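A quick write-up on the structure given underneath.
Bear in mind that the values in this text are calculations on the coordinates, not laboratory data. This structure is a prediction, so every number in the text was calculated from the model and none was measured. Please note: Cβ atoms are built from the backbone with ideal geometry, for glycine as well, and neighbour counts cover all protein chains shown.
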Amino acid sequence: MVEAFAVASGKGGTGKTTSTLALGMALADEHDVTVVDADTGMANLLFHAGLDDATVTLHDMLVAGTATDVAEATYDRFGLSVVPCGTSLAGFEAAEPGRLRSVVAELAGDTDVLLLDSPAALGSKSAVLPIVLADRSVIVVEPTIPALSDGLKVQEYARSYGTNTAGVLLNKVRDSAANVAERAGRHFGGPVLAGIPDSDVVRAARRAGEPLLAHAPGSEAATRYREAAARLDVRDGDGDAVAARFESAVIPDTP
Ligand SMILES: Nc1ncnc2c1ncn2[C@@H]1O[C@H](COP(=O)(O)OP(=O)(O)O)[C@@H](O)[C@H]1O
Ligand SMILES: [Mg+2]
């Protein structure tokens, strides 16, 4: 059984990677979770997960002719299976985005929850594919009107490929944002899963190279992420069917 979520946003820096790892760790209490840094152009999950020195990454899987096994790019960290992506421009340029299909298809056979840390801008094949492949999306937005508007565009795009919204995470919330949160709930197709406070402890976790739930499990932000994960009601899609869907996904012309 497996369900694949794209963790997506309109802009970069909203907290997709922070949220991917935090939701992943919270869901790992009950599920077998694999997180993939599918943000192949702006990869940073490795820094958040203490995997800066990973020798084999998703980039190696996306280059034709390099006979690397997915297992070699998968690391057991913090109770999760983590597939980091390299950060070199050369690696990105050599990568063939379409090969992500067979990578996630293979991972789908062996996990309950697949979280795809997805690119922000929707301008290229490598950027749209994770959203197209996923069953549902979790949209991470900061609680400002322009950010919500960008998030709604991502939602609209995802829906056009049958990827509905599992929920919205409002991140970097300051006290003044209550009114925006209420509006967000009305406009998005899924519930507001949580409001994560803007907090130094989240930045400190990143600097320490640890996911928030490992670095500061008792923090308010960590508690909010656990509540968000509990609201996700993961579905148990048939692993083989999901894998077959991934393999045969049509890569859309870029929007
Ligand atoms: N709730 C938060 N409070 C404070 N800083 C945050 C919060 N969420 C994320 N950050 C910081 O913002 C930066 C971008 O977060 P990241 O998860 O890497 O974003 P993305 O993957 O969307 O580019 C990081 O330095 C991270 O520590
Ligand atoms: Mg990121």
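One table, with the values for the structure above:
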read-out: The stretch 54-161: relative contact order as a whole-number percent, Cα under 8 Å and 6+ apart; value: 19
read-out: Contact order relative to length of the chain, as percent, for alpha carbon pairs under 8 angstrom and 6 or more apart; value: 29
read-out: Rounded FRET efficiency, nearest 0.05, which uses the C-beta distance separating LEU89 from ARG186 and R0 of 45 Å; value: 0.65
read-out: Largest-first principal axis extents of the Cα set of the stretch 3-248 (Å); value: 52, 38, 34
read-out: Karplus 3J(HN,Hα) series, Hz, for the stretch 30-35 with 6.51 cos²θ - 1.76 cosθ + 1.60 (x for Gly, Pro); value: 10, 10, 7, 10, 10, 10
read-out: Distance in nm between pseudo-label sites at THR68 and ASP253 (7 Å out along the Cβ direction from Cα); value: 3.3
read-out: Alpha carbon centroid spacing (whole Å) that separates the stretch 216-244 from the stretch 54-108; value: 22
read-out: Charge-dipole axis of the stretch 3-248 as Lys and Arg at +1 and Asp and Glu at -1 on Cβ define it, positive-most pick from GLY109, ALA221, PHE92; value: ALA221
read-out: DSSP-loop trypsin sites (Lys or Arg not before Pro) across the stretch 172-248, with at most 16 other Cβ within 10 angstrom; value: ARG174, ARG231, ARG235
read-out: Expected 222 nm ellipticity per residue - DSSP helices of 4 or more, -39500 (n - 2.57), all of the chain, to 500; value: -11500 deg cm²/dmol
